[in-house]
1. In the list A:Thr244, A:Thr288, which residue meets the criterion of being surrounded by 21 or more Cβ atoms within 10 Å (Cβ to Cβ) and out of contact with any helix residue (DSSP H, G or I) (no Cβ under 6 Å at 6 or more places or on another chain)?
2. Inspect the stretch B:52-64 for any residue being modelled with pLDDT of 95 or more, farther than 16 Å from B:Lys310 by Cα and open to solvent by less than 50 Å² (accessible area, probe 1.4 Å) and give the result as yes or no.
3. Residue under question is A:His275, and the condition is that it be open to solvent by 10 Å² or more (accessible area, probe 1.4 Å) and facing chain B (nearest Cβ under 8 Å); does it hold?
4. Being touching a residue at least 24 places away in the same chain (Cβ under 8 Å) and within 26 Å of B:Asn259 (Cβ to Cβ) is the filter; apply it to the stretch A:234-250 and report the residue that is farthest from the other protein chains (Cβ to nearest Cβ).
5. Collect the residues in the stretch B:329-348 that are at pLDDT below 60 and either open to solvent by 90 Å² or more (accessible area, probe 1.4 Å) or away from chain A (no Cβ under 14 Å) (or both), keeping them in residue-number order.
6. Quick one: in the stretch B:214-223, of everything that is touching a Ser or Thr at 6+ places or on another chain (Cβ under 8 Å) and open to solvent by less than 20 Å² (accessible area, probe 1.4 Å), which residue is nearest to A:Thr189 (Cα to Cα)?
7. Restricting to the stretch B:224-244, name every residue that is out of contact with any Ser or Thr (no Cβ under 6 Å at 6 or more places or on another chain) and within 30 Å of A:Asp271 (Cα to Cα).
8. Could you list, in sequence order, all residues of the stretch A:66-89 that are over 20 Å from A:Ala13 (Cα atoms) and of a type in the set (A, V, I, L, M)?
Number of protein chains: 2
Amino acid sequence: MKIIVDAMGGDNAPACNVKGALDAVKELGVEVVLVGRGEDILKCLKENGVADLPAGVEIAHADQVVEMCDNPATAFKEKKNSSLTVGLNMLKEGRGDAFVSAGSTGALLSAATLLVKRIKGIRRAAMAPVVPTGKGGAVLIDCGATAECTPEYLLQFAFMGSYYAEHVLGRPEPRVGLLNIGAEPSKGTDLQREAYQLLKGAGDAGRIHFVGNVEAREAVYGEVDVIVSDGYSGNIFLKTMEGTGGFLARELKGMFKKNLVTKLGALCVKDGIAHFKKLLDSGEVGGTPLVGICKPVIKAHGSSDAFAIKNAIRQAAGFAASGLIEDIAENIEHMRLPAGDRSGAAAD
Amino acid sequence: MKIIVDAMGGDNAPACNVKGALDAVKELGVEVVLVGRGEDILKCLKENGVADLPAGVEIAHADQVVEMCDNPATAFKEKKNSSLTVGLNMLKEGRGDAFVSAGSTGALLSAATLLVKRIKGIRRAAMAPVVPTGKGGAVLIDCGATAECTPEYLLQFAFMGSYYAEHVLGRPEPRVGLLNIGAEPSKGTDLQREAYQLLKGAGDAGRIHFVGNVEAREAVYGEVDVIVSDGYSGNIFLKTMEGTGGFLARELKGMFKKNLVTKLGALCVKDGIAHFKKLLDSGEVGGTPLVGICKPVIKAHGSSDAFAIKNAIRQAAGFAASGLIEDIAENIEHMRLPAGDRSGAAAD
């Protein structure tokens with residue numbers, strides 16, 4: 001298994017990207033290709049006490065870097081020698097099994113869609129992170145790749161999310177819920193009402209295990225394994241979780257740091273605090289898979305440290321080994337509506 | 001100041017509603033009218049050691065109760081003698097200054113809109129709870145009254161939310177943000193893009209202090225005083241906050257209850273834990289105002305205890321005394337678009 005790593009993307013690149021990749025080779029038994037400025041990568045290797053390129057580590061030189069200020073829709077074309085474009089072209093050509101980047105989300109999404117392409121019949125790629133829940137996490141699909149969706153997109157997200165939960169997370173018969181503001185089929189906007197009927201059809205046909213609408217609160221508690229949403233609402237859901245977690249973690253920290261007695265209190269529950277931190281740490285999960293693209297692509301968090309990069313590489317390897325993409329391609333006929341039935345706001 | 005209280009609505013009615021109303025009369029110096037089954041209310045008064053009706057407490061008999069299983073759109077018509085319908089008619093007739101109910105949200109919203117009516121020119125009433133944030137809370141408007149919105153609705157929500165923050169919460173020059181998935185004006189769906197321009201216009205004219213788009217995470221951190229949203233997304237935001245808070249509170253409880261040492265830890269930070277609980281307790285805030293109706297209406301949480309009912313009555317009194325409704329009515333011309341400019345999904 002060979003993972004192509006964008007060495008230059010992210011707030012802590014290239015140092016943490018290189019260190020994370022080295023750790024992945026050592027600990028996970030994968031090979032990596034580090035894509036980026038050769039001299040910078042070699043310098044980072046040296047800083048990690050590595051003089052010669054170790055077995056399982058390659059460098060692919062790319063002298064440009066896509067910056068956050070670049071236009072995400074066109075950056076990969078304007079910077080043909082960027083680590084993003086070079087890395088994704090390698091993926092397309094089969095010179096690696098998956099691609100990991102901590103760079104601009106928008107640029108990665110555009111580049112993956114236009115260079116590597118979507119699976120035939122899939123209308124939109126989706127970003128599908130695993131969010132922490134009361135029952136071990138759920139796949140949230142989509143969390144922002146496509147703000148405006150049609151019911152057909154949501155149907156495809158439901159299938160892809162279900163397959164991801166099954167193949168990559170190892171959940172048998174994942175419970176699929178449609179994110180909504182009430183349990184009844186009549187709730188939400190036209191988008192949710194129409195999508196509900198499509199998902200119900202897929203459920204009745206035994207193709208996914210659709211359990212109905214799920215409210216945001218119950219989704220956090222872990223009532224479903226897959227949370228189906230348009231990208232706008234999914235992003236609100238994800239960022240609200242992150243914000244609330246961060247806000248409460250800060251309050252908690254303040255509570256323990258007040259004085260000597262409260263510091264003693266912190267000592268008494270230090271294992272619990274470690275578990276709590278782990279719950280809130282996006283680095284633990286790794287990154288966000290782009291589902292619907294022909295090859296596995298993982299978006300690591302922009303603020304990824306070496307640990308988060310290593311976990312994103314682990315996730316990329318799991319994605320590549322899962323057979324997920326093949327399964328989506330084989331079942332595409334069940335995820336498409338006849339041309340006349342494709343309603344909704346976004347053009348195809 | 002006289003507050004009309006639906007004695008029969010909510011999970012803990014009538015006992016907690018009556019107790020909360022009695023406490024409000026004692027502690028807040030308001031008068032209350034308890035609307036509902038006379039004999040049930042008198043029984044609750046007796047249970048609270050009150051034999052004769054105390055000064056400041058009236059009973060208005062209504063022998064029907066709107067249940068959660070009733071059709072919310074028509075319940076107030078089908079049950080003309082319900083505490084909901086009788087109470088709102090009293091409000092309309094000026095026999096009280098505000099109305100508080102912990103019953104069905106949908107039924108309250110329909111009944112308030114159709115019996116008491118909206119402020120002239122306001123297209124949709126909004127539910128505008130104060131959500132806890134890193135900086136003392138923000139008004140979230142709308143959190144679910146209208147799932148599908150037009151840009152004009154959002155413009156009106158922005159004005160009403162800003163006035164609410166100023167008049168009721170006492171925030172001078174409230175910062176108004178549009179809930180979105182990125183800071184740039186191009187982010188989100190057509191609804192957000194069009195609303196952004198309307199809000200910017202109102203900001204440029206100096207009528208509200210519009211600070212631009214606000215992402216969900218920054219909204220939780222307290223970057224704005226008013227979070228403007230369609231009802232669907234606002235509901236996702238609110239319920240995700242509640243879910244994440246509840247989930248983490250449960251984890252925290254588990255952490256402290258593990259063994260004797262962790263229980264000692266809990267003792268060391270007991271003030272902090274009390275503060276933490278207060279942060280997460282919806283009863284602390286009171287209820288959710290229905291903004292845009294001609295008279296003040298407060299929806300108390302369905303699970304309200306006496307403390308929450310008392311706080312909802314406090315909030316209703318503050319709303320009634322604030323001059324908010326008059327201010328909205330006086331400035332209505334700035335919140336309306338010419339007929340030709342009213343685009344969007346929902347019919348007027």
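1. Only one candidate qualifies: A:Thr288.
2. Yes, the conditions are met somewhere in the stretch B:52-64.
3. The answer is yes for A:His275.
4. Among those that are touching a residue at least 24 places away in the same chain (Cβ under 8 Å) and within 26 Å of B:Asn259 (Cβ to Cβ), it is A:Ala249.
5. Correct list: B:Arg342, B:Asp348.
6. The selected residue is B:Ala216.
7. B:Lys239, B:Glu242, B:Gly243
8. A:Ala73
The values are calculated or read from the model by the stated rules, or taken from the named source; none is laboratory data. If you're wondering where the values come from, they're calculated on a predicted model, not measured in any experiment. Virtual Cβ from ideal backbone geometry, glycine too; neighbours counted across all protein chains shown. In case anyone asks, the SASA skips ligands and DNA or RNA and just uses the protein heavy atoms, side chains included. Shrake-Rupley method; radii C 1.70, N 1.55, O 1.52, S 1.80 Å.
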